[in-house]
Structure formats: C-alpha cells, structure tokens
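Take this structure first; my questions come after.
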Amino acid sequence: MRLRMIGLYKYRYLYLLLLPGILWYLVYRYFPMYGVIIAFKDYSFVKGIWGSPWVGLKHFHTIFQSPDFYQIIRNTLLINVYNLLFVFTSSIVLALLLNELKMMALKRLIQTVVYFPHFLSWVIFGGLFIQLLGPKEGIVNQIIQLFGGDPIYFMTKPEYFRSVITFSSVLKEAGWGAIIYLAALAGIDQEQYEAATIDGANRWHKLLYITLPGIRNTIILMLILRVGYMLDVSFEQIYIMYNPAVYEVADVLSTYVYRMGLQNAQLSMTTAVGLFQSIVGFVLIYTTNLIARKTSDISLW
C-alpha cells in the first residue's frame, strides 16, 4: 500500500491529466445510467422518474411480441453484417495498398482524399450521395442512360437500399479506419522485409507471411470492438437517406427509438429497447473477446 501511495504521488501530475476524461465519463456515461429504470416503469413527465409506477417487464414483453421489432432487428443485423464484410475489410485493404506506395507525395495526396469524407457530416455526405443517385440529375443515372439503360430509382428501391448504405459507408469511413492499420504497419520491423527479399520472397509472400501477421493483433482488437456494435447503426446515415418506400429494409433500432421515443413519446418502451441493445452488445463483445483469447494471444482483457 505504501509503495502504491508513493507511486501515485510520484506520478500525480500524469494522473491529474486523466481527471478531465474521468469526469467526462462520470457525468455523461455513468451518472445518466440511473435512467435505465424508466424501462421498468410507465414513465410520466408529470410524475417524474421516481414517481412513475413500476410495471416490471411489461415493456420488454411488448417489444418482443411486436412483429415489427423482429423486422427491425433483422434490418439492423443485416446492415451491420454488410458493414463488417465491406467497411471493416476495406479499411484493411486500403491500408495495405497505401503501405505499398513508395511515392510519398502521391501517398499523402491519396490519404488526404480518402480521409476527407470522414469529416463531413452525414447531412452533407448523405445529401451529396442522394444527388449522385438521383433518377434525373444524378451522374450515375446519366451514365446509365448514356449506355442506353433506363434510370434506376436507387433510393426508393428496397433491393438497392442496403447496398447504397454499405457503399456510402465505405466511401466515408474506409479512409479514416485505415489510419490505425497504417500505424500498426509502421511498427513492423523493416529488417524482416529485407531478409525476405534476400531469400527471394515476392510482394505476395511478404504480404502473407510478414505484413498480415504483423497487424493480426490490431485486426483482432478492432474486430472485437466492432462486433460490440452489431445492433447499432448510425442514426444520422439512415435518417438522412431512408424514406417511407424503403422502411421495410431500412428501419433500424436507432430510427425506431427516435420515432417511438421522440415522436410518439413512448419513452419507457424505447428505454427498454436501448437496454436490450446494450445487453446484446455486451454479450457479443464478451463472447468475441473470449473466443479471441482462446484462439490467439490477444484480447481486450
């Protein structure tokens, strides 16, 4: 105990730097958690949280008995699976491609171009995307008509909507997601590549036996974190890009919570949905971490 106190005092200024971050999490992440009890009450603005009557698991029974809820879960999972397959992997592929570039000026230019969309809000980026896919003025449909095809109403066709959402996510976030993999690639010992060159290895061999194993731990950690968000789809992206014509494939948990909670004032039910979402996310991240710990030497804990 004495040694610990000496260590705390010795590094007191470093711990002091942690204080703003700790306070932020306490104020915005932990203190509001008492509001979870709304899920077990018939919440009333007039009576307040503590004055509202307890109803137990009533709201959970309601959402689980609703056929719309399972459609929303399906939409959320499918969009996240697509994001995992394409957005997550595209960040890795982009980082590998950028790592192979030897012309630093060209590499910086490409990095700037692919990073830039991340800093645009979905209001701007989604609006641009909708304009590009417009049936009349959109450049995509103009190209289709140039080759003799008929214009496609991408944003109102359920069969195209998930692909549009996934593709827009790749364009917006792949560059930003590649940053952490580029950092991991920079940490690989260059002498391994030199030794491989002497042994006659080509670029493909170096990629398979040096580069990918070198960033394997980073990929596993990012995958564990990503799986924890399997029931969380960007509200801004869906809200900006969907419309009533594609509700059957586009309505996800975040838009459902917005519609039921803010527009219909069913706060207790939407709190129950949010609690369910958090529990499932925790179970997924715990399970993925457990599998990673048993099959590799890397895990979150």
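Answer yes if at least one residue in region 250-265 is small (Gly, Ala, Ser), touching a Phe, Trp or Tyr at 6+ places or on another chain (Cβ under 7 Å) and part of a helix (DSSP H, G or I), and no otherwise.
yes
Hey, another quick one. Looking at the structure I just gave you, is THR156 farther than 27 Å from GLY281 by Cα, of a type outside the set (A, V, I, L, M, F, W, C) and touching a residue at least 60 places away in the same chain (Cβ under 8 Å)?
So THR156 fits the description; yes.
Kindly indicate which of ILE238, ILE279 is under 17 Å from GLY35 (Cα atoms) and either at pLDDT below 85 or not basic (Lys, Arg) (or both).
On inspection, the qualifying residue turns out to be ILE279.
Would you check which residues across region 23-65 are β-branched (Val, Ile, Thr), in a helix (DSSP H, G or I) and either in contact with a strand residue (DSSP E or B) (Cβ under 6 Å, 6 or more places away or on another chain) or over 15 Å from THR270 (Cβ atoms) (or both) and list them?
The answer is VAL27, and nothing else.
Among (1) over 31 Å from the mean Cα position of the chain (by Cα); (2) part of a loop (DSSP other than H, G, I, E, B), where does ILE188 come up short?
(1)
Across region 99-137, what is the number of residues that are within 28 Å of the chain's Cα centre (by Cα) and either closer than 14 Å to ALA178 by Cα or assigned to a loop (DSSP other than H, G, I, E, B) (or both)?
Adding up the residues that qualify gives 18.
Here is a check on your reading of the model: is VAL257 aliphatic (A, V, I, L, M), touching a residue at least 24 places away in the same chain (Cβ under 8 Å) and over 30 Å from PRO213 (Cβ atoms)?
In short, no.
Now, a different point. List pairs: first in region 6-35 and closer than 22 Å to SER278 by Cβ, second modelled with pLDDT of 85 or more and part of a helix (DSSP H, G or I), Cβ under 8 Å, 6+ apart or cross-chain?
GLY35/THR271
With the condition kept exactly as written, say whether any residue in region 53-76 is under 30 Å from LEU182 (Cα atoms) and at pLDDT 90 or above.
Yes, that holds for at least one residue.
The values are calculated or read from the model by the stated rules, or taken from the named source; none is laboratory data. Please read these numbers as outputs of a predicted model, since none were measured by experiment. Cβ: placed from backbone, ideal geometry, glycine included. Neighbour counts: every protein chain shown.
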